[in-house]
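Participant: Starting off with a structure, shown below.
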Amino acid sequence: MAALGQALAGVTALVTADRRADDLGAALERRGARVLHTPAMTIIPTTEDEQVVERTRELIARPPDVVVVTTAIGLRAWVEAADAAGLGARLVEVLAGARVLVRGPKAQGAAQAVGLTPDWIAESETTAEITEMLLDDGVRGRRVAVQHHGAGADGLDEAVAAAGAEVVAVEVYRWGPPPDQQAVDDGVRQVAAGQVDVVLFTSAPAAEAWMRRAEEIGVVDQVVGAERVTYAAVGPTTAGPLRRRGIEPLVPDRSRLGALVRAVVHHVEEHRETAVTTVAGQLHVRSSVALLEDRVLPLSPSALAVLRLLVDRGGAVVTREEVLEVLPGSSQDPHTAEVAVGRLRTALEDKRVVQTVVKRGYRLALAEPTTAPAPPSQIGQS
C-alpha cells in the first residue's frame, strides 16, 4: 500500500461541495490528489432571519411533542441562532422534552452534541422514512417541530399535517445557486471528457443540481458512461440522484467525510493492484497523469494519449495509424507518430517498455508472469 502522501498521487478529484469543502479538499491533497473545487450549490444561512427566532420563541412557549432533526448543520445553526438571542439553553431544554427523531447518523451526532438523546434514527437517511414512521405511529393532535434541510420538507410537513398534526417548520438554511456557474459547467465537461478521476458529492441537492446541469449542457450520457471516472457519495441519500441516472457510486459505511476519503483511497489502492505490470514495473494510467512504480511520469497530453492506447491494448500491437488517431490535430504523417512514441519512451526512462514491432507498429512490453518450479517428482518428465 502506498504511503499516506502517495495514496492518491496522480488522482484528479472534483469536489462539488460548498460546506466543509476546504476540509475535504485538504484531506484529499494530503494524500497526493489534485483537487478541483466547483461547488454545485451555495448554502445560504437564514439564522439571522427574525422568523427563526420567532419560531424558537413559539416552541419555547408551546413545547412540541415531536421534533424532527434532518441535518447536523441545521440543528447546530439553529442552536447557535437561539444562543445569539439568549434562548439557547431554553430551546435545548424544550427539545429534550420531546420525542427526538433524526435523519441519519450525522444528525444523530449533532443532536447528542447539543445535549439531546435521539429516540429514533432513520437508517436510510431519508425524509420519506421519517414521514412513514410518523404516519404509522399516528400524529393526530400532536405538535411536531421540523428542522428543515436546505431542499425543504420533501413533503413531510404536508403529509403530517394531513394526518392531523400541528406542524412548526424551522428553516435554518437554504440552498442557493452556485457561486460560479461557468466553473461548474467546466467541471462537468471535464468529467464527461474523462479528465477527472474521482467526483465527490456530500449532499443530495448538490448531486441533483450537478447531474441536472450535465443534462442541460448535453453531456449527461458521457458523464454516466465515463468508464475512467469514479463517483463517490457520502451516504445513500446523496447517492440517490446518481443512482436514478444509472451511476452506482462509492458509498462509505459511515456518512462522514473521513469515511468518504478512506473509501476513495481504498478504491484507488484496489485499482493499483490491477494496474498493468510492465518490464519496468507497475504502470497505472489516470485521467491526466500516469505512474510507473509510484513515480509520476512527465508526460505531454500526446504522450499520455499514446500510453493509454497501448495500455488499453494490453500488450497487443498498435499500428501507427491508430497512434495518429489519438493524437491532437489531424496529421497523417507517420513521422508524427514516431515522434510521439519517442517522447513517451524518454518520459518512461526505460526504452524497453514500448517496443517497436517492425512493419506493424508498437506494443507495450509486459512482464512475464512468474511460474512456480515444478515439484521434484515432475522434473525431467514429459
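Participant: Could you tell me which of the residues 126, 131, 117 is under 25 Å from residue 76 (Cα atoms) and touching a Lys or Arg at 6+ places or on another chain (Cβ under 9 Å)?
Facilitator: On inspection, the qualifying residue turns out to be 126.
Yes/no matrix, rows are residues, columns are (1) in contact with an Asp or Glu (Cβ under 8 Å, 6 or more places away or on another chain); (2) modelled with pLDDT under 90; (3) crowded, with 16+ Cβ neighbours inside 10 Å; (4) not assigned by TED's automatic domain parsing to the domain that holds residue 302:
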| residue | (1), (2), (3), (4) |
| --- | --- |
| 323 | no, no, yes, no |
| 328 | no, yes, no, no |
| 335 | no, yes, no, no |
| 344 | no, no, yes, no |
| 353 | no, no, yes, no |
| 357 | no, no, no, no |
| 369 | no, yes, no, yes |
| 372 | no, yes, no, yes |
| 378 | no, yes, no, yes |
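Participant: If a residue must be more than 16 Å from residue 192 (Cα to Cα), without any contact (Cβ under 8 Å) to a residue 12 or more places away in the chain and either in contact with a Phe, Trp or Tyr (Cβ under 6 Å, 6 or more places away or on another chain) or assigned to a loop (DSSP other than H, G, I, E, B) (or both), how many such residues does the stretch 214-247 contain?
Facilitator: Final tally of qualifying residues: 1.
Participant: Mind listing just one residue for me: the one in the stretch 244-253 that is exposed (fewer than 15 other Cβ atoms within 10 Å of the Cβ) and either closer than 30 Å to residue 108 by Cβ or of a type in the set (Ser, Thr, Tyr) (or both) and, of those, nearest to the chain's Cα centre (by Cα)?
Facilitator: Result: 248.
Participant: Give the residues of the stretch 196-213 that are in contact with a strand residue (DSSP E or B) (Cβ under 6 Å, 6 or more places away or on another chain) and outside any helix (DSSP H, G or I), sorted by residue number.
Facilitator: Matches in the stretch 196-213: 196, 197, 198, 199, 200, 201.
Participant: Residue 272: at pLDDT 90 or above, within 31 Å of the chain's Cα centre (by Cα) and in a helix (DSSP H, G or I), yes or no?
Facilitator: No, not satisfied.
Participant: Any residue at all in the stretch 116-139 that's on the phi > 0 side of the Ramachandran plot, part of a loop (DSSP other than H, G, I, E, B), touching a residue at least 24 places away in the same chain (Cβ under 8 Å) and surrounded by fewer than 18 Cβ atoms within 10 Å (Cβ to Cβ)?
Facilitator: yes
Participant: If I ask for residues that are free of Cβ contacts under 8 Å to residues at least 24 places away in the same chain and of a type in the set (Gly, Ala, Ser), which ones from the stretch 41-82 would you list?
Facilitator: Listed by number, the list holds a single entry, 61.
Participant: Look at the stretch 263-279 and say how many of its residues are over 23 Å from residue 322 (Cα atoms) and crowded, with 17+ Cβ neighbours inside 10 Å.
Facilitator: 4
Participant: Residues in the stretch 97-113: is at least one in contact with a Phe, Trp or Tyr (Cβ under 7 Å, 6 or more places away or on another chain), not in a loop (DSSP other than H, G, I, E, B) and not acidic (Asp, Glu)?
Facilitator: So far as the stretch 97-113 goes, yes, one or more of its residues are in contact with a Phe, Trp or Tyr (Cβ under 7 Å, 6 or more places away or on another chain), not in a loop (DSSP other than H, G, I, E, B) and not acidic (Asp, Glu).
Participant: As an exercise: evaluate residue 189 against (1) modelled with pLDDT of 95 or more; (2) buried (at least 22 other Cβ atoms within 10 Å of the Cβ) and give the number of the one condition it does not meet.
Facilitator: Going through (1) modelled with pLDDT of 95 or more; (2) buried (at least 22 other Cβ atoms within 10 Å of the Cβ) one by one, residue 189 breaks only (2).
Participant: Just for the stretch 192-207: of the residues that are modelled with pLDDT under 90 and buried (at least 24 other Cβ atoms within 10 Å of the Cβ), which one is nearest to the chain's Cα centre (by Cα)?
Facilitator: The residue in question is 203.
Participant: May I ask you to list pairs of residues, at least six apart or on different chains, whose Cβ atoms are under 7 Å apart, with the first in the stretch 4-32 being in a loop (DSSP other than H, G, I, E, B) and the second being of a type in the set (S, T, N, Q) and surrounded by fewer than 22 Cβ atoms within 10 Å (Cβ to Cβ)?
Facilitator: 18/42; 32/6
Participant: Same structure again: For the stretch 49-61, check the following and say yes or no: at least one residue is touching a strand residue (DSSP E or B) at 6+ places or on another chain (Cβ under 6 Å), closer than 30 Å to residue 167 by Cα and at pLDDT 95 or above.
Facilitator: So far as the stretch 49-61 goes, yes, one or more of its residues are touching a strand residue (DSSP E or B) at 6+ places or on another chain (Cβ under 6 Å), closer than 30 Å to residue 167 by Cα and at pLDDT 95 or above.
Participant: Among the candidates 96, 89, 84, single out the residue that is in contact with a helix residue (DSSP H, G or I) (Cβ under 9 Å, 6 or more places away or on another chain), among the small types (Gly, Ala, Ser) and either surrounded by 21 or more Cβ atoms within 10 Å (Cβ to Cβ) or modelled with pLDDT of 90 or more (or both).
Facilitator: 89
The values are calculated or read from the model by the stated rules, or taken from the named source; none is laboratory data. As the structure is a prediction and not an experimental result, all values here were calculated from the model. When we count neighbours, we look across all protein chains shown, and the Cβ atoms used for this are built from the backbone with ideal geometry, even at glycine.
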